[in-house]
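Notes to accompany the following structure.
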Amino acid sequence: MSLKKELKIKAAEIRKTKIQIKELQKSRDYAGKLQYSLLHLKRDYRHKHIAYSMLRGRTYEQIEPKCHENNKPNMDFVKEIMDEYSENYVRLSA
């Protein structure tokens, strides 16, 4: 599966989870587990988005021009993702 398709699937999962959280909160049910899973979905999406953009030739500063010092992405994780998918993008550009 391509990285772009994975990003689209993750984005749909995030939207669905947000809706589920709102519905649970409206019915006064516990939504903590979903909120916790949402944090992980968002973290994963952010790192994959950065990797995807960098594979397409953008710099990190272009992707996230303003990022708080305490909220920097894990660039080792981004590198792993880029290494995993880099052969697909090398073939496309060649």
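None of the figures in this text is laboratory data; all of them are computed from the coordinates on show. Because the structure is predicted, anything quoted here is derived from the model rather than measured. Ideal geometry is used to build each Cβ from the backbone, glycine not excepted, and the neighbour counts take in all protein chains shown.
Per-residue ellipticity at 222 nm for the chain, helices alone: DSSP H runs ≥ 4 residues times -39500 (n - 2.57), over residue total, nearest 500 deg cm²/dmol?
The per-residue figure over the chain is -25500 deg cm²/dmol.
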Compute the distance in nm between two label points, each set 7 Å from the Cα along the Cα-to-Cβ direction, one at K26 and one at E13.
-> 2.5
Per residue, the convex hull enclosing the alpha carbons of the range 3-93 has a volume in Å³ of 106
Rounded to one decimal in nm, the spacing of the 7 Å Cα→Cβ label points at H40 and K5 is 2.4
